[in-house]
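Trainee: The following block contains the structure, expressed as structure tokens.
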Amino acid sequence: MEASTAPTTAVAPPRAKRGGRARRILGQAVSTWRGKVGLGLTLAVVAVAFLGPLVGGSPLELMGAPFSPPGGEAGLLGGDALGRSVLARTLHGGWRILLVAAAATILAIAVGAIAGVVSAYRGGKTDSFIMRSVDVLLGIPQLVFVLMLLSVIGSKTWLVIFAVGISQAPQVARVLRAAAQNVSERDYVKAVAAWGVPPRVVIRRHVMPSLLSPLMVESALRLSFSIILVSGISFLGLGAHPPNPDWGVMINENRVGIAANPWGVLAPAILLAALAVGTNMFSDAIARSSLASGRAGDPSLELFVTSSTDPNDPQPLQEVPE
Amino acid sequence: MSAANGAGARPAVEVRDLCVSMIGSGVPIVSGVSFDVAERETLGLVGESGSGKSTVAVALLGFARPGLEITGGSVRIGEVEVLDLKDEALREARGELVSYVPQDPAAGLNPAHRIGTQLREAFQVHEKLGKNELRGRIEELLKAVNLPTDKQFLRCYPHQLSGGQQQRVVIAIAFACRPRLIVLDEPTTGLDVTTQRYILETINDMAANFGASAVYVSHDLPAVAEVAARTAVMYAGRIVEVATTEQLFSQPRHPYSAGLLNAAPSAHQANRLVGIEGRPPRPGHWPQGCSYAPRCPHARADCRQAVPPLAPTESGSLVRCLHPMAVSDGGVLRLVPSPKPEVKGGEALEIERLVADYGGRQILHEVGFAVKEGECTAVVGESGSGKTTLARCLVGLHTRWDGEIRLDGESLRQGARERSREQLRRMQYIFQNPFGSLNPTMTVAENIEEPLRHFESLSRNERRAKALEVLGTVHLGEDFADVLPGRISGGERQRVAVGRALVVNPEVLVCDEITSALDVSVQALLVEQLRDLQMQRGLTMVFITHNLAVVRSIAQNVIVLQTGTIVEAGSVEGVLSAPKHPYTRQLLEDLPTLDPAEQATAGGAK
């Protein structure tokens with residue numbers, strides 16, 4: 001190397017932290033009021049649903065007269081349509097909805113993301129085929145689709161998960177396809193393609209990891225929709241079977257006695273609403289913080305931002321001649 | 001140029017101690033910038049990315065980008081103190097007193113309105129004119145910038161015009177209200193050399209005809225040399241040298257100015273380019289004393305004590321350096337001719353009758369050339385000439401082509417997936433934009449290891465060892481291994497991209513405009529590094545560029561591409577010294593050059 005100036009490395013930029021990106025986005029989301037309230041509500045309901053069965057009494061035992069008032073023989077929140085404790089049933093009735101909704105969300109994200117990303121990366125006929133199928137599914141109202149499946153095959157837990165998951169996959173596919181189209185056009189994906197690497201490897205190693213932010217936002221958003229849908233199905237009597245406690249079932253059973261003991265409807269309704277609002281707010285917070293970190297130089301979203309990733313450092317954008 | 005010393009009449013524009021800082025932290029971005037611009041004078045403001053030149057440019061309009069504020073100093077234009085103006089008055093001043101031409105002409109025009117509407121608007125914001133008078137003024141203006149004045153043109157939308165025409169419309173709008181000062185912020189950066197030439201001439205004519213002062217902000221030294229009578233060089237938020245352009249480019253006094261000149265390639269001499277190692281300090285991390293001291297080859301102990309003042313020299317220029325370079329040092333500049341690699345016999349890459357189309361339009365017409373082993377062939381052309389399509393055909397990213405591409409005598413299939421692993425390994429591609437070509441979610445080392453995963457079966461440790469070795473080859477060092485690409489500068493990223501290509505020991509390197517996104521000092525480092533590698537490893541290179549000056553420094557052969565057809569091919573020496581095709585001649589003539597002697601040579605080629 002007879003180059004005149006001795007080429008040395010003067011600067012040692014900060015090392016990358018493993019798994020830092022997801023944590024940073026989540027951390028930033030939690031630091032906003034929206035994220036705090038959202039996560040707080042969600043965690044509170046999750047705690048009730050999963051710790052409740054440990055502390056609540058029997059959800060099936062008949063304690064007193066139907067719709068007996070709160071504080072009476074049926075416990076703090078009174079009795080339900082058959083005289084069972086509303087409190088005990090509320091504490092027992094959430095975990096199933098949460099698990100089913102979570103499983104359905106995972107299914108929706110997995111199917112939707114793969115469909116969307118493959119569609120975007122392969123393009124051409126594959127893209128047309130997948131996206132037209134998505135359009136068809138989007139054309140069927142979600143609830144109608146789910147009810148149709150359940151009424152034909154019968155109400156089974158796996159079918160609820162499947163139906164709710166598949167009915168949401170098209171939305172996920174649409175969002176992820178748009179994001180993946182952007183990433184697929186990036187040079188680093190093309191660079192890998194120029195080595196003759198098979199598409200599925202390119203998608204797995206290079207496209208998917210760049211879609212972290214939209215995946216996180218979609219997951220939280222789909223979870224909140226799944227909760228509403230799953231409890232709706234229970235309400236309509238196609239989910240959990242009586243006499244098992246379930247928030248959706250409870251609202252349906254107890255609505256005739258809403259005047260006598262409103263808590264039979266109110267308790268599960270408040271919890272469901274809090275959960276839906278909480279997850280929704282949290283997904284909103286994630287969306288905002290991933291956008292903000294993108295502006296401040298999140299590597300997955302930045303294009304021409306220079307070395308600085310300090311959000312307080314408005315170093316000018318790199319000039320790109322040509 | 002009385003303005004330089006402050007003697008004679010008051011200058012038209014006077015900037016004193018301009019300071020711009022970040023809101024909140026108070027970290028300075030621009031510190032103590034002072035200069036004058038005389039009436040009808042164009043001042044060049046030169047600096048590399050992050051030097052604060054654009055911040056100064058917008059501060060002249062009393063504006064600071066979001067997150068920044070002007071914290072002190074004065075900007076006087078005529079009798080008006082711009083920094084004292086408030087809302088309404090400031091808004092009125094823009095256009096009438098001072099106007100601005102942005103880098104991207106599309107940003108200066110509203111895509112939803114016709115050109116005519118936008119021109120009329122430019123006049124009517126400030127004064128009410130009669131219909132006929134208005135038409136007259138617009139016609140006069142369009143003639144001045146050499147655009148058609150007919151109705152049909154006025155009814156065009158911005159997207160119907162070329163980039164050069166758009167930029168001329170923006171310039172016309174900027175001059176519409178005859179402002180005292182025009183601020184041009186890299187107005188030619190996105191344009192071809194030929195268009196750039198028009199724009200530079202237009203700016204010169206307009207400044208002279210309309211009696212305006214101009215500040216021309218650019219990182220492009222030759223372009224500044226074309227338009228500016230005096231030039232100020234900025235580094236890390238401060239002006240480090242102000243001199244007449246002639247003086248600056250023949251006898252720079254500040255080591256940074258000299259460094260910039262040494263880094264700039266020339267189309268007329270094959271010089272070894274000397275880049276500036278290291279990188280400029282980031283805001284908030286300015287070193288004590290002279291900001292340039294850490295990178296300066298002439299720095300002494302006292303340079304690190306305090307910021308040197310911008311002091312006058314005996315040659316009449318102002319220099320912020322305790323030990324300015326002697327006038328005689330100017331002569332030592334750019335003398336080392338670039339070494340020539342050994343060319344072995346065989347042909348590494350042969351291209352015959354290559355025809356390619358894109359979206360139903362034919363891009364390449366029967367292109368054919370051959371590159372000998374160990375040789376570098378430059379492919380030159382303006383945007384739209386098909387040079388990137390050519391590169392993508394070579395590496396199999398563009399699959400819709402016909403003809404013959406042979407690598408070491410083996411005929412290649414169209415797409416990368418149809419080629420053998422060995423063929424793919426032998427030819428590697430480096431992308432234009434280092435900000436997009438590295439996976440942002442992987443560290444530098446992981447990015448370099450990526451091709452190894454595909455081409456070789458190595459253990460994790462072997463891969464890592466190879467990645468570290470290659471980081472040494474591209475002069476980055478192991479410190480960079482575990483850093484995300486988002487954290488390093490463009491030049492550093494491009495070196496990582498080079499390393500990623502080299503790690504599989506290719507024989508042919510296809511470089512697609514790899515220096516066009518980089519500053520000159522960084523470009524110089526990269527070009528020299530590539531040449532060293534070419535010599536050491538006997539690499540064959542296809543170097544695609546729009547910059548004829550770089551060609552001279554790196555390539556042995558050159559191919560000139562115009563709208564998909566080769567119009568001239570031959571040795572660099574032959575083609576650049578005695579171009580035969582009018583298009584090549586035009587390209588060479590339009591290329592702005594630094595020193596008057598070269599300009600004369602370029603003129604002689606006519």
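The values are calculated or read from the model by the stated rules, or taken from the named source; none is laboratory data. Just so it is clear, the model here is predicted, and its values are computed rather than measured. Cβ placement follows ideal geometry from the backbone for every residue including glycine, while neighbour counts extend to all protein chains displayed.
Trainee: Out of B:Leu533, B:Leu525, report the one residue that is surrounded by fewer than 24 Cβ atoms within 10 Å (Cβ to Cβ), touching a Ser or Thr at 6+ places or on another chain (Cβ under 9 Å) and assigned to a helix (DSSP H, G or I).
Mentor: Numbers: B:Leu525 fails: surrounded by fewer than 24 Cβ atoms within 10 Å (Cβ to Cβ).
None of the other options fit; the residue is B:Leu533.
Trainee: Can you confirm whether B:Val483 is in contact with a helix residue (DSSP H, G or I) (Cβ under 8 Å, 6 or more places away or on another chain), among the aliphatic types (A, V, I, L, M), in contact (Cβ under 8 Å) with a residue 12 or more places away in the chain and surrounded by 23 or more Cβ atoms within 10 Å (Cβ to Cβ)?
Mentor: Here the answer is no, as B:Val483 does not meet what is asked.
Trainee: Considering only residues that are farther than 15 Å from B:Gln432 by Cα and in a loop (DSSP other than H, G, I, E, B), which ones fall in the stretch B:506-521?
Mentor: B:Pro506, B:Glu507
Trainee: Filter the stretch B:468-484 for residues that are under 24 Å from B:Gln534 (Cβ atoms) and assigned to a helix (DSSP H, G or I); which is nearest to the other protein chains (Cβ to nearest Cβ)?
Mentor: Among those that are under 24 Å from B:Gln534 (Cβ atoms) and assigned to a helix (DSSP H, G or I), it is B:Phe480.
Trainee: Hey, among A:Lys190, A:Lys125, which residue is out of contact with any helix residue (DSSP H, G or I) (no Cβ under 8 Å at 6 or more places or on another chain), surrounded by fewer than 23 Cβ atoms within 10 Å (Cβ to Cβ) and within 14 Å of chain B (Cβ to nearest Cβ)?
Mentor: Values: A:Lys125 fails: within 14 Å of chain B (Cβ to nearest Cβ).
Among A:Lys190, A:Lys125, only A:Lys190 is out of contact with any helix residue (DSSP H, G or I) (no Cβ under 8 Å at 6 or more places or on another chain), surrounded by fewer than 23 Cβ atoms within 10 Å (Cβ to Cβ) and within 14 Å of chain B (Cβ to nearest Cβ).
Trainee: Still on this structure, please answer the following. Run down B:Leu61, B:Leu90, B:Leu83 and say which single residue is more than 14 Å from chain A (Cβ to nearest Cβ), more than 27 Å from B:Leu261 (Cα to Cα), in a loop (DSSP other than H, G, I, E, B) and of a type in the set (A, V, I, L, M).
Mentor: Just one listed residue meets the conditions, B:Leu61.
Trainee: Could I ask something else about it? Among (1) more than 21 Å from B:Asp408 (Cβ to Cβ); (2) surrounded by fewer than 24 Cβ atoms within 10 Å (Cβ to Cβ), where does B:Asp512 come up short?
Mentor: Of everything listed in (1) more than 21 Å from B:Asp408 (Cβ to Cβ); (2) surrounded by fewer than 24 Cβ atoms within 10 Å (Cβ to Cβ), B:Asp512 misses just condition (2).
Trainee: Need the failing condition index for B:Leu394 against (1) more than 9 Å from chain A (Cβ to nearest Cβ); (2) in contact with a Leu (Cβ under 9 Å, 6 or more places away or on another chain); (3) surrounded by fewer than 23 Cβ atoms within 10 Å (Cβ to Cβ), just the number.
Mentor: (3)
Trainee: Turning to a different aspect of this structure: Would you mind stating whether A:Ala178 is surrounded by fewer than 17 Cβ atoms within 10 Å (Cβ to Cβ) and of a type in the set (A, V, I, L, M)?
Mentor: It is true that A:Ala178 is surrounded by fewer than 17 Cβ atoms within 10 Å (Cβ to Cβ) and of a type in the set (A, V, I, L, M).
Trainee: Sort through B:Gly24, B:Gly72 and tell me the only one that's surrounded by fewer than 17 Cβ atoms within 10 Å (Cβ to Cβ), facing chain A (nearest Cβ under 10 Å) and not polar (S, T, N, Q). Walk me through how you get there before you give the answer.
Mentor: Values: B:Gly72 fails: facing chain A (nearest Cβ under 10 Å).
Within the list B:Gly24, B:Gly72, the selection yields B:Gly24.
Trainee: Looking at the stretch B:536-559, which of its residues are within 23 Å of the chain's Cα centre (by Cα) and assigned to a helix (DSSP H, G or I)?
Mentor: Correct list: B:Leu548, B:Ala549, B:Val550, B:Val551, B:Arg552, B:Ser553, B:Ile554.
Trainee: May I pose another question? Can you tell me which residues in the stretch B:150-177 are hydroxyl-bearing (Ser, Thr, Tyr) and over 21 Å from B:Asn204 (Cβ atoms)?
Mentor: B:Tyr157
Trainee: B:Ser457 passes all but one of (1) in a loop (DSSP other than H, G, I, E, B); (2) out of contact with any strand residue (DSSP E or B) (no Cβ under 8 Å at 6 or more places or on another chain); (3) facing chain A (nearest Cβ under 9 Å); which number fails?
Mentor: Going through the list (1) in a loop (DSSP other than H, G, I, E, B); (2) out of contact with any strand residue (DSSP E or B) (no Cβ under 8 Å at 6 or more places or on another chain); (3) facing chain A (nearest Cβ under 9 Å), B:Ser457 breaks only (3).
Okay, residues lined up against (1) at pLDDT below 85; (2) buried (at least 19 other Cβ atoms within 10 Å of the Cβ):
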| site | (1), (2) |
| --- | --- |
| B:Ser2 | yes, no |
| B:Ser31 | no, yes |
| B:Val37 | no, yes |
| B:Val46 | no, yes |
| B:Pro66 | yes, no |
| B:Arg76 | no, no |
| B:Tyr100 | no, yes |
| B:Ala106 | yes, no |
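Trainee: Let me ask you something else. Hey, which of the strands (runs of 3 or more DSSP E) in the stretch B:212-294, taking only ones fully inside, have at least 2 residues that are touching a helix residue (DSSP H, G or I) at 6+ places or on another chain (Cβ under 8 Å) and either modelled with pLDDT under 85 or within 12 Å of another protein chain (Cβ to nearest Cβ) (or both)?
Mentor: B:213-218
Trainee: So the check is Cβ under 8 Å with 6+ separation or different chains; which pairs have a first residue in the stretch B:225-248 that's under 13 Å from B:Gly316 (Cα atoms) and a second one that's among the hydroxyl-bearing types (Ser, Thr, Tyr) and assigned to a loop (DSSP other than H, G, I, E, B)?
Mentor: From residues that are under 13 Å from B:Gly316 (Cα atoms), the pairs are B:Glu241/B:Ser317; B:Val242/B:Ser317; B:Ala243/B:Ser315; B:Ala243/B:Ser317; B:Thr244/B:Ser317; B:Gln247/B:Ser315; B:Gln247/B:Ser317; B:Leu248/B:Ser317.
Trainee: Let me ask another. Check B:Ile430 against each of (1) within 14 Å of another protein chain (Cβ to nearest Cβ); (2) under 23 Å from B:Thr584 (Cβ atoms); (3) among the β-branched types (Val, Ile, Thr) and name the one condition it does not meet.
Mentor: Every condition holds for B:Ile430 apart from (2).
Trainee: A follow-up question, please. Confirm whether A:Gly297 is buried (at least 20 other Cβ atoms within 10 Å of the Cβ), modelled with pLDDT under 50 and either over 16 Å from the mean Cα position of the chain (by Cα) or away from chain B (no Cβ under 11 Å) (or both).
Mentor: yes
Trainee: Also, quick follow-up: Could you list, in sequence order, all residues of the stretch A:232-263 that are in a helix (DSSP H, G or I), in contact (Cβ under 8 Å) with a residue 60 or more places away in the chain and under 22 Å from A:Ala47 (Cβ atoms)? Outline the logic, then answer.
Mentor: Of the stretch A:232-263, the ones in a helix (DSSP H, G or I) are A:232-235, A:247-257, A:263.
Now drop any that are not in contact (Cβ under 8 Å) with a residue 60 or more places away in the chain, which leaves A:232-234, A:247-250, A:253-254, A:256-257, A:263.
Once the filter is applied, which keeps residues that are in a helix (DSSP H, G or I), in contact (Cβ under 8 Å) with a residue 60 or more places away in the chain and under 22 Å from A:Ala47 (Cβ atoms), the stretch A:232-263 yields A:Ser234, A:Trp247, A:Gly248, A:Val249, A:Met250, A:Trp263.
Trainee: Among the residues of the stretch B:97-153, how many are outside any loop (DSSP other than H, G, I, E, B) and in contact (Cβ under 8 Å) with a residue 60 or more places away in the chain? Lay out the reasoning, then the answer.
Mentor: First pass over the stretch B:97-153, keeping only residues outside any loop (DSSP other than H, G, I, E, B): B:98-101, B:105-108, B:115-124, B:131-144, B:151-153.
Narrowing the set further to residues that are in contact (Cβ under 8 Å) with a residue 60 or more places away in the chain leaves B:98-101, B:105-106, B:108, B:144.
Residues that pass the stated criteria total 8.
Trainee: Have a look at B:Glu422, B:Glu418, B:Glu375 and point out the one that is in contact (Cβ under 8 Å) with a residue 24 or more places away in the chain and in the same structural domain as B:Ala549 (by TED's automatic domain parsing). Talk me through it step by step, then tell me what you get.
Mentor: Details: B:Glu422 fails: in contact (Cβ under 8 Å) with a residue 24 or more places away in the chain; B:Glu418 fails: in contact (Cβ under 8 Å) with a residue 24 or more places away in the chain.
B:Glu375 is the lone residue from the list that is in contact (Cβ under 8 Å) with a residue 24 or more places away in the chain and in the same structural domain as B:Ala549 (by TED's automatic domain parsing).
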